[in-house]
Amino acid sequence: MQWQIINGSKLNARCWNDEFVVYNPLSGDTHILSRRASDMLLALQSSASDVLSLAQVLSGRWCCEIDAALLEEIEAALFDMQALSLVEPL
């Protein structure tokens, strides 16, 4: 399944140290995301991706192997961000 930033949304984001704050103008909500979740969101701003493609991009940044735990972490974060109306499946 491909994921993208929610259609029609221009997310406003700021990063301070290890905190990433994103404002969603569609919902009017502001969210604080983890560094890993923010990396996923920023990667999706470049282009829609599936979980494996995101893992390939992010594993180098996070200095970790692509394994089942990483894929599960990314998938769970995507569903969490979907619940916040930040991303959506294509």
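Neighbour counting of Cβ atoms within 10 Å sorts the residues ILE5, ILE74, ILE66, fewest neighbours leading, into ILE66, ILE5, ILE74. Coupling constants for region 39-48 follow from the phi torsions by the Karplus curve (6.51 cos²θ - 1.76 cosθ + 1.60, θ = phi - 60°), and in residue order they are 4, 5, 4, 5, 5, 6, 5, 6, 6, 5 Hz; glycine and proline get x. Mean silhouette area of the chain, derived from the convex hull of its C-alpha atoms and averaged over all directions, reads 5.4 nm².
Note on GLU72 and CYS15: the model spin-label points, each 7 Å out from Cα along the C-beta direction, lie 2.8 nm apart. Annotation: extensible slack from CYS63 through ASP50 equals 2.7 nm (criterion: 0.36 nm per residue apart, minus Cα-Cα distance).
List the trypsin sites (Lys or Arg not before Pro) within region 1-61 that DSSP assigns to loop and that have no more than 15 neighbouring Cβ atoms inside 10 Å.
Values: sites: LYS10, ARG14, ARG35, ARG36, ARG61; in loops: LYS10.
Here the trypsin sites (Lys or Arg not before Pro) that fit, given the DSSP loop and packing criteria, are LYS10.
Cβ crowding within 10 Å ranks MET1, MET81 as MET1, MET81, fewest other Cβ atoms first.
Of the GluC sites (Glu not before Pro) found in region 1-72, those in coil by DSSP whose Cβ has at most 16 other Cβ atoms within 10 Å are GLU65.
Just so you know, all these numbers are worked out from the coordinates, no wet-lab data involved. The model shown is predicted, which means the values in this text are computed figures rather than measured ones. Heads up, the Cβs are rebuilt from the backbone with ideal geometry, glycines too, and the neighbour counts pull from every protein chain shown.
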